[in-house]
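Accompanying notes for the structure given below.
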Amino acid sequence: MLLSPRARLYPLSQLCHRLALSSKAGIEDRKTWSDEARRSSGAMQRAVGSIADDVAAGSGIGDALPRTGEFFPPLFRRMVEMGEATGRLDVTYRRLAEHYDRTRAAKRDFLSRIAWPMMQLGVAAFVIGLLIYIMGFLEVDILGFGLTGTRGLVIYLNLVIALAIGVFVVLESVRRRAVWVRPLQRLATRAPVVGDAIRTLALARFAWALQLVLDTPMDLRVALPLALDASGNEFLSKHGPAVAERIQRGMSLPVSLAKTGAIPGDLLDAIAAGDEAGSLVEAMKYQSREYQRRAADAMSMLAQLAGYTVWVGVAALIIVMIFRIFSFYTDTLNSLM
């Protein structure tokens, strides 16, 4: 559901950091999760408390995680299960913490880049609302939209609020991977310029997740769909079942990924070379750093594009207002003459 609680990036990354320290120090899982339940709050406290209760009752962490529903991301659940099974929970928690720290940094960078254009959009919306309110005292409709005075301002504010709610619903649905937004994702991926940036961001997350899961004894039939799903975009995640099926039939990792048609040649070449040399994890670490750099460039480009879009919208709004005011002025002169 849209409003069902999900783990946020900052509390999740902090949780992973603390779990890594406790696990490395050899503290019992029962005490570790009990302490986390006491220091957490809200939805995180309920989810962690559920795990703490199950662990205290003798269950493993991997058995307790599914009972929290979809609160924790799939990558977190699978990686913790594998870390517990292999006795490498401290390494698993640390790598997950690094992953969520990187994701937070990318999100923070994007928001900082679009802050100024969004501020300009807010100022423009405020000026329009103020103009609508003032026109009520002047008893004129300069804009010609039939919105004047207090009544017009209320209608205008309702429209703005409805638009803001719509944008929030779309963004939250994208974050939660709702089924109805998948066509929108496919459309955005095919769009010129924007599509290239979205694919680069998805490939960066895939490369990082792939080197993360390959550094465990996880079965490739599980690891590859998990890494593809961690990309956060249907552009890659939809190929998970087909890739697992090819691995089941005995195909190699590079061939299984190549048949998706979604992985670029340079990344496939690096995977093939690493697979042949037996150093796939090291190869993916390098590719992960390279795609992180490309992702930063893509993020910058998307932020600039968003800024230009806002500026064009504001400029178009100002031009429309100028023409409407000029038309009102000329009509008034004609009536007086």
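What the table shows:
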item	result
Accessible area per residue, Å², the chain with all protein chains present, probe 1.4 Å	54
Student exercise, the chain dipole from Lys, Arg, Asp, Glu Cβ charges, in Debye to nearest 20	180
Relative contact order [Cα under 8 Å, 6+ residues apart], the chain, whole percent	17
Options Gly274, Ile247, Thr200, ranked by Cα towards positive dipole end of the stretch 194-327, top entry (Cβ charges)	Thr200
Choice from Leu21, Leu138, Leu65 showing the highest fluctuation, given a GNM over the chain with Cα pairs closer than 10 Å	Leu138
For the stretch 67-125 versus the stretch 269-288, the gap between their alpha-carbon centres in whole angstrom	25
Förster-model FRET efficiency, 22 Å R0, Asp297 and Asp219, C-beta, rounded to 0.05	0.05
Accessible carbon and sulfur surface of the chain relative to its total accessible area, %, 1.4 Å	63
The chain: calculated mean residue ellipticity at 222 nm from DSSP helix runs of at least 4, using -39500 (n - 2.57)	-26500 deg cm²/dmol
Across Lys107/Lys238; Lys24/Lys107; Lys238/Lys285; Lys31/Lys285; Lys24/Lys285, pairs whose alpha-carbon gap is larger than 26 Å	Lys24/Lys107; Lys31/Lys285
Relative contact order (%) - criterion: Cα under 8 Å, at least six apart; region: the stretch 200-317	29
Point-to-point label distance, Val174-Ser59, nm (Cα→Cβ direction, 7 Å offset)	3.5
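The values are calculated or read from the model by the stated rules, or taken from the named source; none is laboratory data. None of these values were measured; they are calculated from a predicted model. Please note: Cβ atoms are built from the backbone with ideal geometry, for glycine as well, and neighbour counts cover all protein chains shown. Accessible surface is based on the protein model in full, side chains and every heavy atom, while ligands, DNA and RNA are left aside. Shrake-Rupley method; radii C 1.70, N 1.55, O 1.52, S 1.80 Å.
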